[in-house]
Amino acid sequence: MPTKKTNSHRQFVALATSASLVAVSLVPAQTAQAQSPFTDVGDRYEKAVDYLVANNITDGITSTQFGTLDSIVRVDAAVLLAQALKAKINPADKSTFTDVPQRAQSHLAFLQKEGIVFGKTGTSFDSFNHITRGEVALILAEAFELEGNPKNLGFTDVSSRYEKAVAALLENGVTVGKTETSFGTEDPITRGEYAIFLYKLLTTVGTDPGNPGNPGDSIIPKPPAVNPVDNDDAVVTGKGEAGTDVTVTIGDKEYTGTVDKDGNFEVEVPVQETGTEIKVVVTDKAGNASDPT
């Protein structure tokens, strides 16, 4: 369960959650999958990016590029956060920062009013410099009212300024370090990494930190790709969303497994006759299902 601060001073709108189901014959039909418009979004980032785009939190930098590996600047990170929180933006509101473009003034005004972001000075937000992983930890821990114990940190590059926020993200399963001893505190965060952070927070904590209710993922995962099964095979293999549970149903029997961190699964089954119907269900933590293929 997320570790949250006890005082909730912000009220936002919570989102909703998901899972995946696929039906195949012994030699599975081709899996029908919706194609992401972005050509630079790999498996690691795909679900997070799809979620943010579907919930109108962000778009790509072009129609075919999300900018996954591009560093994100401070003003864009702020706009995405305000939109992720479903903030009630008043277009007439202005922040105190003179270097914030007009498109972002009302977003920064909201975040500034809520005490989520601060400038580099009273009048400068340093809008177009890249935001670091440490700075992102600070604003996300504040926005989602998370707490963590710095004593649990094993990183050597996290100063006292960031340690509570970094501990909060780690303890709530939002991220891990770059290595066992480095969080990458001063490294610029990429758009892909930031998408993952926001996705994990929105689907576990929700957008109402003090009253999360049943937050979750409103995006149905893409069906797993199941490899052809021959009549002498004793396993069903394929690829799916990492960490999901796999259930293979043959007749009235079920056989289970898990998709590993690399997106692969292998479930042992009895050898079947040609033409046997096999159903493969891949279920994420939310328990919803896609249309069968």
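Nothing in this text is a laboratory measurement; each read-out follows from the coordinates by a stated rule. Everything quoted here is computed from the prediction, not taken from an experiment. All Cβ positions, glycine included, derive from the backbone under ideal geometry; neighbour counts span all protein chains shown.
See the values below:
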item	result
Most to least packed among 181-190, 267-276, 66-75 [average Cβ atoms within 10 Å]	66-75, 181-190, 267-276
Length released on extending from V271 to T96, taking residue separation times 0.36 nm less the Cα-Cα span	56.1 nm
Label-point gap, in nm, between K261 and N129 - each point 7 angstrom along Cα→Cβ	3.4 nm
Which of F38, F128 has the fewest Cβ neighbours within 10 Å, and the rest in rising order	F128, F38
Residues of type lysines that K253 reaches as a straight line, Cα spacing below 21 Å, ignoring anything fewer than 8 places off in the same chain	K279
Inter-label distance, nm, simple model (7 Å from Cα along the C-beta direction), K113/S63	3.7 nm
